[in-house]
Structure formats: structure tokens, C-alpha cells
Amino acid sequence: MKNSSLFILWVVFLLFSQKVISQQAVTKSINIGVIEYPPHITFQGSKIEGKLIKYISSVFTKEGYDIEITQLPRGRAIVELQKGNIELLLPYDELHEEIKVLTSPLFHAMPGLCFRKENFIPILSATHQFKHLTVGAPVGTPVVSALKNSQAVLVPLIGDNSIKRGIDLTQRGRIDAFYHPSPVQVYHQENTEFKELACSYFHGYSNGVYVAVKPNMSQENFDKLNRLLNSAIHEMSYGYYFAK
Amino acid sequence: MKKNTSQFYRIIPFLFCLVTFASQANLSFEKIILNEITKMYMSSMTFIFLNQPLINQKGGNKEALFGDKFIDNIKATYQQKHNEEFPLLDHKLKQLLVQSMVEVMEDNKMLFNDEDIGFKGIIPAIFAAQLSAKLATKGIGLKIKFTRTKEDIRNVLNIPDQWESKVMAKIIEKPEIYYDEQAIINDKPAYRQFTPLPMAPYCLKCHGSMEHNPLNAGKDKEEWTNIDMTGFEMENWTLNDFGGGVSISIEKSVLE
């Protein structure tokens, strides 16, 4: 009698532990919110493209994760992340203390200036050439010291889409150039609307672009995802993957 | 600034090859890595110099400047310049240097392919500065910089640190490769090396006097400008002046 009770208990234990194991397997899925960040991530209607998606997907899928990608507008993306509706958000380039990120930057965004092509200045360390230039800078965007300390006249670009305004004003000759925290987002080969302007960069002033993490992610999950990304970047950086 | 001590600078590349080529077997592992990385860096600058017409041409096929083809070209330049095989990419630092070169060229791809812009501004010194900045973002304990004496520097990001200033003062008096295995960088023990570079005729296009300035070619003297094609005032240097050099540091922990 005692032996049969022990056997039943053993069977119950096995069934229970299997259920726990299978539940853990089910939790290996990640919902990643993505915002448009050309040329790394582009939206064609509901279609999401870009090498950054492929890179991140391969990092996690080869470890057995199911990936679900959710296309989000920039403004709503952070709200969704903070609510926990998405687990990761990429790319994320506005570092705030309250937003947790995976520790390795995916790549670095270089700030720069965009000019009408006939007024193009290729080397921005030649800051004496900024003398008397009127440069538009989006309100709330930190400007690199090389520009701030130059003799350029900085004018604020206001409005919901200050970058678009910068492009318009520069193209119409109302300002000489506009400052962009990451001009590669507009000055790239897929952007056919950017024919009259060209951008150059403030090398040495780049900022990390990260994967942001939902606030209530368990430390265990965070560590695991962090380890996976670190080791992928160690094997081949995203920058090199993009260039290859 | 004139330092007429240095007819000697012209034989530095020869000395450099001689030292690294003939006595490689006697060099420590650390020194070999420092030498190889320095030469890889210098070879990339040479390739950029040799390919200014391709870089600045409007249109055409520029595949030689990107990806694996670019690295193949750096390898060929290295072999030609140093008369030895390109180093095996058997250490993470060498792999990352090569990958960073490809990344820098990719960063400039749109500009290189912009058919409306002639002079792209990617001259050897600028490429070197971009490569240094790229490596700095990697956080791998390798720093490499093309620098010169503080008062002559054009880009604030290339300003020499105390060690480099001290070493350059010695090198100007006695030109030679300077190696330091007891250096400290960012409070960490490091190997450092400074390799002086001779002033070459192409340096004078920007740093020489007005007659060297390609912007003045075919113009009357009265119309000459002392502003070079990069937008800086020319320094009136000659081939006898100090040409700066490549400063490299590697944290010891990276090589252990």
C-alpha cells in the first residue's frame, strides 16, 4: 500500500515537473517593437525591412526564441515599452535613466550637418568655416561642442517634425545647414527625396544606439538576452554585418 | 615650424621595414602586434592616398572602396609598401581593426557615391581620424591615432596626450620608433608605441606652401590662396619638417 502511494506521488511529481518545463519553453518568445530608423530599419507600408531586423532576429532565434516584430511609431514605442506590451524596443538612441537598455550598443550614431550640395563642407573639424553660417538645430536636441563653440549662428527648429523643417529651410536657402543627431537617417542611398542636400559628420562625437528593455523584465531574462547580444556583437559587430 | 634635423625622416620607412622584417623573431609577441597593427593602419592611409582620384570622381564603379574588396586592396597595399605578407588575422584586435576599416568606408558610402560632389574630404589624415574614432567606440583596449605636436594640430580630437608630446619631443631630436612597455593609459597598464612618419610630397598639398596647393594650379600668382582644399590655412611646411606619427596603445590585459 505504502509503495503504491509513493508510486502515485512520483507520477504526479513527474507530470507536474514536465508541465513546468513546457511552460518555461513557451515563455521563450520575445515581442520586439521596432521604430523606423533608415537605412537600418525601413517601413514599406506594413512591411518591415532592414539589416538590423535580420541581425537581431538571428541573435535570438538561433537560441530558440520565437520573435514577434511589432511596427511602432517613435512616440508610441516608449509608451508601449513602459506598459510592458513589448519586451524590447529597437533602436533606442535617447538615453534616459528610467529606460533600461541591453549593455552593448548596437552601433553608434554620428551627428552631422546637412548642406545644399553647392555649399557642402566635407570636413567638420574645420570649424572656422562655420563663421557666419546660419545653422538650424532641432529644439531639445543636444548640439556637439564643436558646433556650439563655433561662430555659427544657431537657430532653433521648432515643430513636430523639426528635421523635415530643417530639410525644407535648407533646400529653400533660408538657412545654410541644419544639424541632425544622425544624418545617415536622411542622407542614404534609399532616400531619393534627398537629392539637393549632402551631409557630413562630426566624427568622434558619436552616441550609442541600443536595445531598450521593458521595465518589469526579470533580471534572469535580462541577463540572458544581454549575454546573447554581447556574444553576438563580440563575434561580429552589427556595423560590420551591415557593411558586408 | 621648421625642424631641419630631419633628412633622417626619409629613411624611417626603410629603418622600420628593416627592424620589423629582419628581427621579427627576436621581437616579443606584444611588439609584433603593435608593429603589425601600426603597419595595417598606415597601409590603409596609403591606399586612401593612392585612390583619391577614385574617391573623388563623380560616378563610376567604386566597389574597390567597400567590403571585402576594400580589405583585399589594403592587403595588396600592405604587401607592396612593407614588402611582406599581410599579417594573419589571428588576434581579435587585428580582426576588429580590419572590420572597423570596412565600417568607416561604409559610413562614407553615400558621400562616395554622390555624383554631385567632387572633393569628398576623405584624405588619409581624415580617414585615419575616422578610423581612430570608430575604434574608440569599440571599447576593446586598442587606441590608435595619427598625431603631431600640439601647436600644429588641426583636429582637436587628434591632440597628443602627455606621453605622446614627451615622445615627440625626443623623436624630433632623434628620429626613431619609440616603444614603451611600462605605460599607463586610462589608469591601466599598457604597451605604447610611436612610429614617426616622414613628411611626403603629398602632405605638402595641404600643409606646404601656396605653390603646392592643387587649388592654385594653372592660376596667376596673384590669385593663389593659402587655404587648402580641406578648408584649412596651409602651414608652409617642407619635406624636412617633422611629419607627426602613428601612436598606438594596447591595454596589457587585452594581450594576456
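The values are calculated or read from the model by the stated rules, or taken from the named source; none is laboratory data. Only a predicted model underlies this, so the values are computations on that prediction, with no experimental measurement involved. Cβ atoms come from the backbone with ideal geometry, glycine included; neighbour counts cover every protein chain shown. Surface areas here come from the heavy atoms of the whole protein model, side chains and all, with no ligands, DNA or RNA. Shrake-Rupley method; radii C 1.70, N 1.55, O 1.52, S 1.80 Å.
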Nearest 100 Å², what total accessible surface is buried between chain B and chain A (probe 1.4 Å)?
-> 2500 Å²
Of B:D114, B:D220, B:D161, which is the most mobile in a GNM of chain B whose springs link Cα atoms less than 10 angstrom apart?
-> B:D220
Interchain or sequence-distant (5+) residues whose placed amide H lies within less than 5 Å of the amide H of A:T70 are A:I32, A:G33, A:V34
Summing +1 for each Lys or Arg and -1 for each Asp or Glu, what net charge is found among the other residues whose Cβ lies under 9 Å from the Cβ of A:E63?
-> +3
Gyration tensor (Cα) of chain A, equivalent ellipsoid semi-axes in angstrom = 48, 16, 16
With Rg from the Cα atoms and Rh as the Kirkwood inverse mean 1/r over Cα pairs, chain B has an Rg/Rh of 0.96
Per residue, how many Å² of accessible area does the protein assembly as shown show with a 1.4 Å probe?
-> 50 Å²
Quick one: pull the percent of accessible area on the stretch B:43-145 belonging to carbon and sulfur, 1.4 Å probe, ligands and nucleic acids left out.
-> 50 percent
First obtain the Kirkwood hydrodynamic radius of the stretch A:121-198 from its Cα pairs, then insert it into the Stokes-Einstein equation at 20 °C and 1.002 mPa s, and state the resulting D in µm² per second as a whole number.
-> 165 µm²/s
Once phi for every residue in the stretch B:34-49 is put through the Karplus expression 6.51 cos²θ - 1.76 cosθ + 1.60 (θ = phi - 60°), the whole-Hz ³J(HN,Hα) values, with Gly and Pro written as x, are 4, 5, 5, 5, 4, 6, 5, 5, 5, 5, 5, 5, 5, 4, 5, 5
Tell me, what HN-Hα J-couplings in whole Hz come from the Karplus equation 6.51 cos²θ - 1.76 cosθ + 1.60 at θ = phi - 60° for each residue of the stretch A:213-218, using x for Gly and Pro?
-> 10, 5, x, 9, 5, 5
re the stretch A:182-244: pairs of Cα atoms spaced beyond 15 Å account for a percent value of 69 percent
If the convex hull is drawn through the Cα atoms of the stretch A:102-244, its volume per residue in Å³ | 138 Å³
Of all DSSP beta bridges in the protein assembly as shown, antiparallel share, percent nearest 5 = 70 percent
Across peptide B:95-101, how many C-beta atoms of other chains are within 10 Å of each residue C-beta, on average?
-> 3
Zero-based 20 Å bins, Cα pair distances in the protein assembly as shown, whole percents | 20, 50, 24, 5, 1, 0
Grab the other residues whose beta carbon is less than 10 angstrom from that of A:L81, score K and R as +1, D and E as -1, and report the net.
-> +2
With all protein chains present, how much of the accessible area of the stretch B:165-256 (probe radius 1.4 Å) comes from carbon and sulfur, to the nearest whole percent?
-> 50 percent
